[in-house]
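S.K.: A single structure is presented below for examination.
The values are calculated or read from the model by the stated rules, or taken from the named source; none is laboratory data. Here the structure is a predicted model, which means the values were calculated and not measured. All Cβ positions, glycine included, derive from the backbone under ideal geometry; neighbour counts span all protein chains shown.
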Amino acid sequence: MPEESIDHINFEDLNNKALSKPLVSHIYTADPSAHVFDGKIYIYPSHDIDAGEAFDDLGSHFAMEDYHVLSMDSIESDAVDNGVALHVKDVLWAKQQMWAPDANEKNGNYYLFFPAKDYEGVFRIGVAISNSPTGPFKAQLEAIKGSFSIDPAVFKDDNEDYYMYFGGLWGGQLQRWRTGVFNASQPDSPTAFIPDANDPALLPFVAKMSDNLLEFTEEPKELQILDENGQLLKSGDTDRRFFEAAWMHKHKGKYYFSYSTGDTHFICYAIGDNPYGPFTYMGRILNPVVGWTSHHSVCDVDGKTYLFYHDSSLSKGVTHLRSVKVAKISYRSDGSIVTLNPY
Ligand code: FUB
């Protein structure tokens, strides 16, 4: 929901109608990536702050500096803030903008995957390691070779292969990589290099991770999202095309790729038969929340499926001061997901 349309909102009414309350209110948190490790829920969010940067369509106002990990003993319990897990000053290659992270576990080690801008102003994706799910995490000296853009989500398949899904338009710079090389021209334009409305939309990327989860084992590949006729979604189809916030989960053997449509503010999903796709667009998981961005994860807890998401209701609509929430989602018998209304 764009910031200009919030003036008329009565936040008391809105919060009374809300599907759920912020999981924590002492800090602002966003972009929640939730996992269950050893029976406990861990949420890896962005840590929103007001760094005084003006709002723009490049997301300069999202000037986050560190990550905190939240944990919950059960879906009903209070979320605990486990303090600073990684700070940008401890990441040699990263200069600023610690955007939406994810994490995963392998052989008793925990890996935090995060995007940040390097000293050339280019978003890269890094990894940091800990022996605890709550950190502190120690960052690798360099970003993942061949990584670009934002919003990594690392999915562990049933056969223990791990895949990273990533990408984001406008401030997330995906459109600057159309030739495989970063295009630094027109630096202030969020929409330069976006395909024309009738051309296929830009696609998110996927790459299989190496055994140590520190590298890609292959060149990242585009993940196709098709319409009901088997055609790639068009760039002008802004209600359905990928914008940012990639996530992958599995349900009854099918792969569900979900994402945000950005400037139209929906969380949508598409279904495929394998981790690389193609995926067919199926519908919406979440209607627009208060705040410009919408970002989520889907996580099974005790046999039920939950959507972790965020909105800006606690900050009364400030785009870059968001709060993480959780709500149960349900599937119909054909595998489709019932759309949630956040209020
Ligand atoms: O939190 C910063 C950026 O906003 C994320 O990386 C995007 O997904 C959007 O939520």
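S.K.: Among the residues of the range 151-161, what is the count of those that are out of contact with any Asp or Glu (no Cβ under 6 Å at 6 or more places or on another chain) and surrounded by 21 or more Cβ atoms within 10 Å (Cβ to Cβ)?
M.R.: Qualifying residue count, the range 151-161: 1.
S.K.: Looking only at the range 227-242, how many residues end up being touching a Phe, Trp or Tyr at 6+ places or on another chain (Cβ under 7 Å) and either among the hydrophobic types (A, V, I, L, M, F, W, C) or under 22 Å from Asn104 (Cβ atoms) (or both)?
M.R.: Here the count works out to 2.
S.K.: I've got another one for you. Filter the range 307-339 down to residues that are touching a residue at least 12 places away in the same chain (Cβ under 8 Å), away from the ligand (no atom under 16 Å from the Cβ) and touching a Ser or Thr at 6+ places or on another chain (Cβ under 9 Å) and give me whichever is nearest to Leu58 (Cα to Cα).
M.R.: Top of the filtered list is Val326.
S.K.: Ok, one more. Which residues, taken from the range 115-132, are surrounded by 23 or more Cβ atoms within 10 Å (Cβ to Cβ) and either of a type outside the set (A, V, I, L, M, F, W, C) or within 16 Å of the ligand (Cβ to nearest atom) (or both)?
M.R.: Listed by number, the residues that qualify are Pro115, Ala116, Phe123, Ile125, Gly126.
S.K.: Moving on to the next point. Which numbered condition in (1) surrounded by fewer than 19 Cβ atoms within 10 Å (Cβ to Cβ); (2) away from the ligand (no atom under 16 Å from the Cβ) is the only one that Cys299 fails?
M.R.: Against the list (1) surrounded by fewer than 19 Cβ atoms within 10 Å (Cβ to Cβ); (2) away from the ligand (no atom under 16 Å from the Cβ), Cys299 comes up short only on (1).
S.K.: Report yes if some residue within the range 17-33 is surrounded by 16 or more Cβ atoms within 10 Å (Cβ to Cβ), touching a helix residue (DSSP H, G or I) at 6+ places or on another chain (Cβ under 9 Å) and not hydroxyl-bearing (Ser, Thr, Tyr); otherwise report no.
M.R.: Among the residues of the range 17-33, not one is surrounded by 16 or more Cβ atoms within 10 Å (Cβ to Cβ), touching a helix residue (DSSP H, G or I) at 6+ places or on another chain (Cβ under 9 Å) and not hydroxyl-bearing (Ser, Thr, Tyr), which makes the answer no.
S.K.: Another question about this same structure. Could you grab me the full set of residues in the range 92-114 that are away from the ligand (no atom under 16 Å from the Cβ) and either farther than 20 Å from Ser60 by Cα or crowded, with 19+ Cβ neighbours inside 10 Å (or both)? Show your work before the answer.
M.R.: Just the residues of the range 92-114 that are away from the ligand (no atom under 16 Å from the Cβ), to begin with: 92-93, 104-111.
Passing the criteria: Leu92, Asn104, Glu105, Lys106, Asn107, Gly108, Asn109, Tyr110, Tyr111.
S.K.: Report yes if Ser20 is in a loop (DSSP other than H, G, I, E, B), modelled with pLDDT of 95 or more and more than 16 Å from Leu86 (Cα to Cα), otherwise no.
M.R.: Yes.
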